[in-house]
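Quick notes on the structure that follows.
Just so it is clear, none of the values below were taken in a lab; they were calculated from the coordinates. Fair warning: this is a prediction, and the values are worked out from it, not measured in the lab. Here the Cβ is made from the backbone with ideal geometry for all residues, glycine too, and neighbour counts use every protein chain on show.
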Amino acid sequence: MLPTTLTGLIVSFLDIFTGRDSFFVPAPASPAPRAAKLQFQLRHLHAVSPSAHVVFSDVTPHSTSRRSVLYDNITTPESLSPSTQTTYSLQTRPLRTHRLKSFQSHSEARSRSLRYQESTPAFQLWDEPEEVDGPDVENRQTLLELAKMTNNAYLEPDQDGWYDLDGPWNVSYPFGWEPNADGFRGHVFATPDNSTVVLSIKGTSAGFFGSGGPTVKKDKLNDNLLFSCCCARVDFTWSVVCDCWRGGGKCDARCLEDALVEESLFYPIGTNLYNNLTYMYPDSDIWVIGHSLGGALGSLLGATFGAPVVTFESPGEKMAAERLHLPSPPSTHHITHVYHTADPIAMGTCTGVLSSCALAGYALESRCHLGKMIRYDTVSVLDWGVDVRRHGIVNIIEKVLAEPWPPSVEENREVPEAKAEEDCVECYSYEFGDFP
């Protein structure tokens with residue numbers, strides 16, 4: 001039996017996706033005039049079947065409601081029951097981004113980089129930059145609505161905790177949404193005219209002694225492959241997810257890269273899903289959003305396809321992009337990460353053998369992000385202590401984005417300025433090289 005203190009710390013970690021504290025009452029917003037406003041409706045659920053195929057399921061409004069419980073440990077106070085809004089209203093702004101000339105050439109460039117450590121010239125992979133309608137990340141209400149859509153990737157439309165959709169809704173969900181199935185999950189939203197489609201990706205469902213839902217095992221595998229320095233080897237007692245540790249602080253870089261490409265990762269499922277969406281909506285702008293692991297995966301897809309991305313509380317994914325040998329587009333400023341300073345996972349400080357993450361079996365050691373960061377200093381402004389329980393998406397919805405942010409208001413802004421990370425260093429205690 002685990003000691004009481006250790007058990008308490010692990011349970012605290014597992015509460016981050018389901019724990020909901022009291023929250024501020026939203027203050028009336030007074031946004032400045034913006035460009036176009038889009039209305040989104042839930043169109044599809046997406047998931048992965050046991051045979052690893054991406055499956056879509058249409059959502060039909062105004063029909064008989066049906067409920068299917070995904071997780072046996074989700075509890076939500078009545079005060080957080082769904083509201084009665086049926087659409088999402090988001091501000092947009094022009095965004096310049098680069099598109100792939102072809103996904104086949106991108107795959108060949110990844111293979112060339114992995115096998116021969118040679119880079120493909122950018123002009124052979126990327127078209128000239130084009131202007132698309134992206135989310136207005138300077139608008140607080142838009143970030144709030146995107147965060148609510150992101151939260152809903154963990155739930156079915158009529159499940160407790162679902163934001164802003166009213167019933168009745170009839171959901172014919174695919175295999176991946178059944179209680180005994182696992183895999184890549186989320187929702188697809190679209191505007192009535194199909195001009196813009198939003199892909200929302202579920203993050204990690206933390207589990208403890210079998211709880212947390214059916215995706216726990218694969219979520220954890222992906223977390224430990226993508227965000228650990230070397231195969232999730234925190235110390236000698238750990239069961240590693242690949243065999244690349246060589247002792248003495250050395251880690252075989254080629255072995256790590258092979259492991260990420262070959263193991264059961266969600267990234268190739270995500271590329272398959274994105275390609276399916278472009279087939280279904282060939283003339284639409286596609287945005288990608290996600291929380292935690294879902295945000296990191298969304299960022300990797302955005303780096304691959306040039307799609308606008310907004311993530312919430314995502315671990316650093318830059319290291320994973322390099323290890324996956326994703327050819328870098330000329331700019332990744334179409335990717336925006338939103339997080340706060342009291343979240344040790346997004347900040348890259350939930351590390352070490354005695355950290356809450358390690359005690360729960362997660363080696364979340366990365367800290368560097370692609371794109372730009374909107375960082376809320378909740379430690380200074382709200383006097384929050386750094387705590388893994390602050391990682392949950394509900395914290396940023398109810399306590400950060402629900403009200404005007406005082407430091408931004410003083411600067412005549414709605415949200416903190418988006419900035420690229422500078423001089424970011426991670427896994428500095430390891431030596432990576434050719435150690436067969």
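Brief remarks follow.
- The order of the peptides 134-143, 335-344 by mean Cβ neighbours within 10 Å, most packed first, is 335-344, 134-143.
- Backbone N under 20 Å from the ASP235 label point (7 Å along Cα→Cβ), restricted to the range 332-362: 349-362
- Karplus-derived 3J(HN,Hα) values for the range 118-126, using 6.51 cos²θ - 1.76 cosθ + 1.60 with θ = phi - 60°, are 10, 9, 8, x, 4, 5, 7, 10, 10 Hz; glycine and proline are entered as x.
- Cross-link reach list, lysines versus LYS372, counting only Cα pairs under 18 Å and skipping chain neighbours closer than eight places: LYS318, LYS419
- Here the Karplus curve 6.51 cos²θ - 1.76 cosθ + 1.60, taken at θ = phi - 60°, turns the phi angles of the range 345-355 into couplings of 6, 5, 7, x, 10, 8, 10, x, 5, 9, 6 Hz, with x standing for Gly and Pro.
- Residues with amide H under 5 Å from that of VAL288, placed H, sequence gap 5 or more: LEU199, VAL309, VAL310
- Summarising the amide proton neighbourhood of LYS250: residues at separation of 5 or more, or on other chains, whose placed amide H is nearer than 5 Å comprise GLU431.
- Cα convex hull volume per residue for the range 276-416 (Å³): 137
- Using a Förster distance of 60 Å, the FRET efficiency for VAL425-ASP193 (Cβ separation, nearest 0.05): 0.85
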